[in-house]
Amino acid sequence: MLGAPLGNPGDASARLREALETADVIAAEDTRRLARLAADLGISITAKTVSYFEGNEERRTPDLVEALQRGETVAVITDGGMPSVSDPGFRLVRAALAAGIALTSVPGPSAVTTALALSGLPCDRFCFEGFPPRRPGERRAYFDDLADEPRTLVFFEAPHRIAGTLADLAAAFGPDRPAALARELTKTHEEVRRAPLGELVASVGADPPRGEITLVVGGAVGVGAVVVAAAADLAAAVAALEATGTTRKAAILAVAKAHGLPKRQVYAAVVATR
């Protein structure tokens, strides 16, 4: 398992260079990106190179295990970061272990820990959730289940789904939950937007982010405790959600849940501040 640079080839380790030059077989998520990485590193790859991605991972794994059983060195590399972490690799690891084959890893960059370190959010305890469900209904239910998670949460998301994902997060977690949207890590256009979820919803609406996105969201604070908030603050939180297209009913429910308050109290705050 080879940890590949997220974008900047300068992050490649000496062990990665050696592994690419000496492997017998390289299973690459994208063979074209592997060729580009080799060119950037100024190395020559003599190994047999095969594509190994989500669409063919299950079919190609037995062939790679056979190569390992013949005593060949098989290297797995993704487009960026560590194999198996929301990328190909897990099936081969399981199959190789079942066959009694020794494995090792050439560790490298990880978008999860890189975004976490840059987020400004607590890093002592966190959980990685990968890609949220694609279907809106499933995604909303998924976030509802995570709303009381006290640890910092890390997600991956695609640019064309990030607006919907952030809106659903704001509805489930409340618009004031701190978060950071990191994109194109270590690349030329690296950017980290740090703001409450409600503000990030507006941000991506005004300036849609491109490239690979890692989203870091602060954990729930004071789970189970009633948080006293001023009526003006409650009304402002509802208004921020409504500005993103959320219905008033859904916004009131989200704010009530975020502050541990009855819906009627939040509704009364909205009415009182009109």
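What GluC sites (Glu not before Pro) does region 1-90 have in DSSP loop regions with at most 13 other beta carbons within 10 Å?
Working: sites: E18, E21, E29, E54, E57, E58, E66, E72; in loops: E29, E54, E72.
Qualifying residues, ordered by number: E54.
Under 13 Å between alpha carbons, and skipping anything fewer than 8 positions from K257 in its own chain: which aspartates and glutamates qualify?
Within reach: D144, D145, D148, D176.
Around S51, under 14 Å between beta carbons, what's the net of Lys plus Arg minus Asp minus Glu among the other residues?
Numbers: positive: R32, R33, K48, R59, R60; negative: E29, D30, E54, E57, E58, D63, D79, D87.
It works out to a net charge of -3.
Just how far, in whole angstrom, is region 145-212 from region 63-139 if you go by their alpha carbon centroids?
Taking the Cα centre of each part, region 63-139 and region 145-212 sit 22 Å apart.
May I ask what percent, to the nearest 5, of DSSP beta bridges between residues of the chain are antiparallel?
Values: 17 of 31 bridges.
Approximately 55 percent, going by the DSSP bridge assignments.
Mind pulling up the Rg/Rh value for region 86-161? Radius of gyration and Kirkwood radius, both on Cα.
On the way: Rg = 16.0 Å, Rh = 15.2 Å.
Here the Rg-to-Rh quotient is 1.05.
If we count every other residue with Cβ under 14 angstrom of V255's Cβ, Lys/Arg +1 and Asp/Glu -1, where does the sum land?
Here the count lands on +3.
Given R₀ = 22 Å, what would the calculated FRET efficiency be for E242 paired with A206, taking r from the Cβ atoms and rounding to 0.05? Please report the intermediate quantities before stating the final value.
Details: r = 17 Å, r/R0 = 0.75.
Computed FRET efficiency for E242 and A206: 0.85.
First select every other residue whose beta carbon is under 14 angstrom from the beta carbon of L34; then total the charges, Lys and Arg +1, Asp and Glu -1.
Working: positive: R17, R32, R33, R36, K48; negative: E21, E29, D30, D40, D79, D87.
Residues near L34 contribute -1 overall.
Which whole-number percent of Cα pairs in region 175-274 have a distance greater than 23 Å?
Values: 1678 of 4950 pairs.
Distances greater than 23 Å cover 34 percent of the Cα pairs.
Averaged over all directions, how much area does the convex hull of the C-alpha atoms of the chain cover when projected, in nm²? Display every interim value, and only then the final one.
Numbers: hull surface 64.4 nm².
Spelled out: convex hull of the Cα atoms, projected over all directions, averaged, 16.1 nm².
Where the eigenvalues come from the Cα gyration tensor of region 14-71, what are the semi-axes √(5λ) of the equivalent ellipsoid, largest first, in whole Å? Walk me through the intermediate numbers first.
Numbers: eigenvalues 88, 43, 11 Å².
So the three semi-axes of region 14-71 are 21, 15, 7 Å.
DSSP beta bridges in region 1-83, what fraction antiparallel, as a percent rounded to 5?
On the way: 1 of 10 bridges.
If I count the DSSP bridges inside region 1-83, around 10 percent turn out antiparallel.
Taking the Cβ-Cβ separation of D40 and V192 as r and a Förster radius of 25 Å, what is the calculated FRET efficiency to the nearest 0.05? It would help to have the intermediate numbers written out before the result.
On the way: r = 24 Å, r/R0 = 0.96.
Taking R0 as 25 Å, the efficiency between D40 and V192 is 0.55.
Mind grabbing the base-10 log of I(q)/I(0) for region 5-147 at q = 0.13, 0.14 Å⁻¹? Debye formula, identical points on the C-alpha positions, no solvent, two decimal places.
Cα-only, vacuum Debye calculation for region 5-147: -0.68, -0.77.
Below 13 Å, Cα to Cα, which aspartates and glutamates can K48 reach? Residues fewer than 8 away in the same chain don't count.
Once the sequence-local aspartates and glutamates are set aside, what remains near K48 is E21, D24, D63, E72.
Values in this text are rule-based calculations from the coordinates and carry no lab data. Nothing here was measured: the structure is a model prediction, and the numbers come from that model. Neighbour counts run over all protein chains shown; Cβ positions are idealised from the backbone, glycine included.
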